[in-house]
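Chemist: I have a structure here, written as structure tokens, and I will follow up with some questions on it.
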Amino acid sequence: MKYNRVIPGVFLKRPNRFIAHVCIHGKEEVCHVKNTGRCKELLVSGCTVYCAVSDNPNRKTKFDLIAVEKKVESSTLLINMDSQAPNAAVKEWLASGASPFGQIDLLKPECRHGNSRFDFYLECNKRKIFIEVKGVTLEDDGVVLFPDAPTERGVKHVHELIQCHAEGYETYILFVVQMERARYFTPNRKTHPEFADALCEAKQAGVELLAYMCTVSPDEMKMDKPLEIKL
């Protein structure tokens, strides 16, 4: 998925989870943050961030903060932190036929099933598949983790996929790692042990777990290589 126009800036502060103050072209701008997570390890005062210019002249904020440069040892890691980017990238990936599912006969985003709503429903070669997507931005010494904060909603999604699998559907949890380099993915048991337990339960019940890294530039993010998962 690609952004139309992206401008670099210097992160100053984040007074609440919805907005950040960024210095762009020497002027302090109020930007919308496209991620309501904590992101404290990413949004550090003085770091380089990237902001997409909004095409809507009626918006209160002209910019969307979408990516950040994180210093990792002697190098820099570019991380897309737009919470909408993973679903957009996965949709393009599925529609292109480049995913492990191959050519898809039916692709339906935001699909309701019973009392649940999943990110994607797809059909291919008579297979009926539900996919729930989780964006991953938390990195620690090359290990990427989810979630970065407790997520009761995430636990609910995992249990709902277990139920769908029991009904005969193929079910997948797809962790989209919004950066190019990582050693492996693991659930963030320290932050939310219930989610880690639910993920182990899902694996035992037959829900498939996938993790993929992405190629990331300031104005684009695409699905790339699979990543090892350690539970």
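The values are calculated or read from the model by the stated rules, or taken from the named source; none is laboratory data. A quick note: this is a predicted structure, and the numbers were derived from the prediction, not measured. Neighbour counts run over all protein chains shown; Cβ positions are idealised from the backbone, glycine included. Protein only, heavy atoms only, side chains kept; ligands, DNA and RNA dropped before computing areas. Shrake-Rupley method; radii C 1.70, N 1.55, O 1.52, S 1.80 Å.
Chemist: Tell me the carbon and sulfur percent of the accessible area for the chain, rounded to whole percent, probe radius 1.4 Å.
Modeler: Details: 5470 of 11720 Å².
C and S atoms contribute 47 percent here.
Chemist: Something else: Hey, got the dipole for the stretch 1-89? About the Cα centre, +1 on K and R Cβ, -1 on D and E Cβ, debye to the nearest 20?
Modeler: 240
Chemist: Accessible area, 1.4 Å probe, largest first: how do Asp82, Asp148 sort?
Modeler: Asp148, Asp82
Chemist: Please give the direction-averaged projected area of the C-alpha convex hull for the stretch 1-48, in square nanometres with one decimal.
Modeler: About 3.7 nm², averaged over all directions.
Chemist: Could I ask something else about it? Checking the cross-link filter: which lysines have an alpha carbon closer than 16 Å to that of Lys60, excluding same-chain neighbours under 8 positions apart?
Modeler: Lys34
Chemist: Ok, one more. Find the Rg to Rh ratio for the stretch 116-184, where Rh is the Kirkwood radius over alpha-carbon pairs and Rg uses the same atoms.
Modeler: Computed over Cα atoms, the ratio is 1.04.
Chemist: Averaging the inverse of every distinct alpha carbon separation and then flipping it gives the Kirkwood radius. What is it for the stretch 70-195, in angstrom units?
Modeler: Details: mean 1/r = 0.0634 Å⁻¹.
One over the average 1/r among Cα pairs gives 15.8 Å for the stretch 70-195.
Chemist: Using a simple charge model, +1 on the beta-carbon of Lys and Arg, -1 on the beta-carbon of Asp and Glu, nothing else, what dipole does the chain show about its Cα centre, in debye to the nearest 20?
Modeler: 520
Chemist: Mind sorting out which of [x] 18.3, 54; [y] 18.1, 57; [z] 16.4, 48 is the real Rg and Dmax of the Cα atoms in Å computed from the coordinates?
Modeler: [y]
Chemist: Using 1/(1 + (r/R0)^6) with R0 = 30 angstrom and r between the beta carbons of Ala88 and Asp140, what's the FRET efficiency to the nearest 0.05?
Modeler: 0.70
Chemist: Can you say what percent of the DSSP beta bridges in the chain, counting only those with both residues inside, are antiparallel? Round to 5.
Modeler: 70
Chemist: So, taking all protein chains as they sit and a 1.4 Å probe, how much accessible area belongs to Phe18, in Å² rounded to tens?
Modeler: Roll a 1.4 Å probe over it and Phe18 shows about 90 Å².
Chemist: If you don't mind, another one. Give the relative contact order (percent, whole number) for the stretch 92-170; include only Cα pairs under 8 Å separated by 6+ residues.
Modeler: On the way: 93 pairs, mean separation 15.1, N = 79.
It comes to 19 percent, rounded to a whole number.
Chemist: In Å², what does the accessible area per residue of the stretch 1-114 work out to with a 1.4 Å probe?
Modeler: For the stretch 1-114, the per-residue accessible area is 56 Å².
Chemist: Residues of the stretch 155-231: accessible area per residue at 1.4 Å, in Å²? Please report the intermediate quantities before stating the final value.
Modeler: Numbers: 3560 Å² over 77 residues.
Ligands and nucleic acids excluded, the result is 46 Å² per residue.
Chemist: Please compute the length gained on full extension between Lys13 and Glu208, using 0.36 nm multiplied by the number of residues separating them and subtracting their Cα-Cα distance.
Modeler: Net length gain for the segment: 66.3 nm.
Chemist: How high is the relative contact order of the chain, in percent, with contacts defined as C-alpha pairs under 8 Å that are six or more residues apart?
Modeler: Details: 522 pairs, mean separation 37.7, N = 231.
After rounding, I find 16 percent.
Chemist: Apply the Karplus parameterisation 6.51 cos²θ - 1.76 cosθ + 1.60, with θ equal to phi minus 60°, to every residue of the stretch 205-216 and state each ³J(HN,Hα) to the nearest whole Hz, in sequence, with x for glycine and proline.
Modeler: 7, x, 6, 7, 10, 10, 9, 10, 7, 10, 7, 10
Chemist: Tell me, what is the FRET efficiency for Glu201 and Asp105 to the nearest 0.05, using R0 = 35 angstrom and their Cβ-Cβ distance as r? Provide the component values of the computation, followed by the final result.
Modeler: Numbers: r = 31 Å, r/R0 = 0.88.
The calculated FRET efficiency here is 0.70.
Chemist: Once R0 is set to 45 Å, what does the formula 1/(1 + (r/R0)^6) return for the Cβ-Cβ distance between Val44 and Lys126, expressed as a FRET efficiency to the nearest 0.05?
Modeler: 0.35
Chemist: While we're here: Do the sum for the chain: with -39,500 (n - 2.57) for every DSSP H run of n ≥ 4, divided by all residues, what is the mean residue ellipticity at 222 nm, to the nearest 500 deg cm²/dmol?
Modeler: -5500 deg cm²/dmol
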